[in-house]
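Encoded as structure tokens, the structure appears first; notes follow it.
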Amino acid sequence: MLPCTTKSSFHALKVALVAVCLFGTTACSGGWFASPTPTPTTQPTSTRTMTPTLAPRASDTPTPAPTAPPTPDAAATATVSARRAACEGAVAVLSGREKDSAALDRAEVLAMAVQAPDLVMCGAVVTDDPARCTRLMPEDRGPGGACRALVSIFHELRTYPGRNSFLITEDDGRELAQVSAPPAGVWDAVRKAVRSGDARECAAAGDLASICRAFIELDAKRCRVEGKLADLRVVAPKTEGKPKLGTLIEDFCKENIKTRAFLAKGLADVAESGPPRERELARAALGRAGACGAHAENAVQVCMGGAAVAAAGTTAAPVKPAAGAGGPAPGAAGGPAAPGSATGTTPSRAP
């Protein structure tokens, strides 16, 4: 047995060890005097902190300084204005609004005529003057033949309304005379009868009496040449094979009825519902305001070219296709026959 002092000392030591085990930093497993188990130490890992990149806010973006509009060049603007005035003056002459015949010889007018054949044709219909075609579009400079044919057709339409004389115009008669040698005055007799609309007058046309009635009645089955005229040969030296005159006249009759019959509705109807080209020409023949306007606008733009960009802050307008360019060309089904069309189509003509 331990002495009392020894017991008290031992008890105090035990309490102290328990306190160390409970509150100290050393583990106390395996008894009071067990060696403490070392706690493994972990080396601190170096961690790099990433700072996020923020997109700039709209408010942080500097606002560009406003750009002052270009200052127009007064001299360039004046030049463009003068050019436009000259172009519009030439258009007024070609469209028939300017009646001064001497103006047709001005250099700018002649130059524009080459660039705007549709406008020349429309202006010639407005003035009912086929001489403008020859004057402005000689054979070596443009489709003068088509121009004369169209003027002749629309002359018949407004001079003899309700008749079919547009099927055999004076221009057709001149063309026929170049390749045929019928009795003198026979084509005059046909035109006179068709202009009157009286089939009884066709008797004066002799061997072309049936052709005359075909025009009056719009009946291609009547396109027959009779008598001695049917066996005559074409006299034009450039005609290959020297075909029979009667065959060529019959073909001429059938083709004109096929391509021009729609004009029998009259100018007013054609002006509202005809093909684009003929609609414009019908309005010109009726003297309506704005007739030839589409052709005139296009001609001004072609005349101006790139001149408009010479003045700061302006832009040259694009050139538009001439009105009617996409419609039936003369000589196509639904369009009147006319030679040397500006569209490149070779229409029906006299043999």
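Please pull out the direction-averaged projected area of the stretch 189-229, using the convex hull of its alpha-carbon atoms, in nm² to one decimal place.
Directional mean of the projected Cα hull area for the stretch 189-229 stands at 2.4 nm².
For the stretch 214-305, what mean projected area does the convex hull of the alpha carbons give, in nm²?
Details: hull surface 38.9 nm².
Computing the convex hull of the Cα atoms and averaging its projections yields 9.7 nm².
According to a simple spin-label model (label point 7 Å from Cα along Cα-to-Cβ), what is the distance in nm between Ala289 and Ala230?
Here the modelled spin labels are 5.7 nm apart.
Using alpha-carbon pairs under 8 Å, 6+ residues apart, how would you state the relative contact order of the stretch 80-198 in percent? Could you put the intermediate results ahead of the total?
Working: 114 pairs, mean separation 19.5, N = 119.
Once normalised by length, the contact order is 16 percent.
How big, on average over all directions, is the shadow cast by the Cα convex hull of the stretch 158-283, in nm²?
Values: hull surface 31.6 nm².
The number I arrive at for the stretch 158-283 is 7.9 nm².
Let me understand the stretch 62-199 better: what is its radius of gyration from the alpha carbons, and its Dmax, in angstrom?
23.2, 93
Enter the accessible area of Glu108 (Å², nearest 10), with the probe set to 1.4 Å and all protein chains included.
Surface accessible to solvent at Glu108 totals approximately 80 Å².
Ranked from the most accessible area to the least, with a 1.4 Å probe and all protein chains present, what is the order of Thr134, Thr127? Working shown, then result.
Values: Thr134 75, Thr127 45 Å².
So the residues, ranked largest to smallest area, are Thr134, Thr127.
Based on alpha-carbon centroids, what's the gap between the stretch 130-199 and the stretch 252-298 in Å, whole number please?
Comparing the Cα centres of the stretch 130-199 and the stretch 252-298, I get a distance of 16 Å.
Once you place label points 7 Å from the Cα toward the Cβ at Val302 and Lys99, how far apart are they in nm?
2.8
Please list 3J(HN,Hα) in residue order for the stretch 199-215, calculated via the Karplus relation 6.51 cos²θ - 1.76 cosθ + 1.60 where θ = phi - 60°; whole Hz, with x for glycine and proline.
Working through the residues one at a time gives 5, 5, 6, 5, 4, 6, 8, x, 5, 9, 4, 5, 4, 4, 5, 4, 5 Hz.
Given H placed 1.01 Å from N in the peptide plane, which residues other than close sequence neighbours of Arg233 have an amide H under 5 Å from its amide H?
Close amide H contacts, sequence-distant or interchain: Leu245.
Counting only protein chains, not ligands or nucleic acids, how are Arg163, Arg222, Arg260 ordered by accessible area (probe 1.4 Å), most first? Walk me through the numbers before you get to the answer.
Details: Arg163 100, Arg222 75, Arg260 0 Å².
Ranking Arg163, Arg222, Arg260 by accessible area, largest first, yields Arg163, Arg222, Arg260.
Protein chains only, probe 1.4 Å: how do Leu157, Leu232 rank by accessible area, largest first?
Values: Leu157 15, Leu232 75 Å².
Order by accessible area, largest first: Leu232, Leu157.
Please compute the length gained on full extension between Ala184 and Ala82, using 0.36 nm multiplied by the number of residues separating them and subtracting their Cα-Cα distance.
Working: separation 102, 0.36 × 102 = 36.72 nm, distance 5.51 nm.
Difference between extended and current length: 31.2 nm.
The values are calculated or read from the model by the stated rules, or taken from the named source; none is laboratory data. Source: prediction; values computed, not measured. Every residue, glycine as well, gets a Cβ built from its backbone with ideal geometry; the counts of neighbours run over all protein chains shown. These area figures cover heavy atoms from the full protein model, side chains too; ligands, DNA and RNA do not enter into them. Shrake-Rupley method; radii C 1.70, N 1.55, O 1.52, S 1.80 Å.
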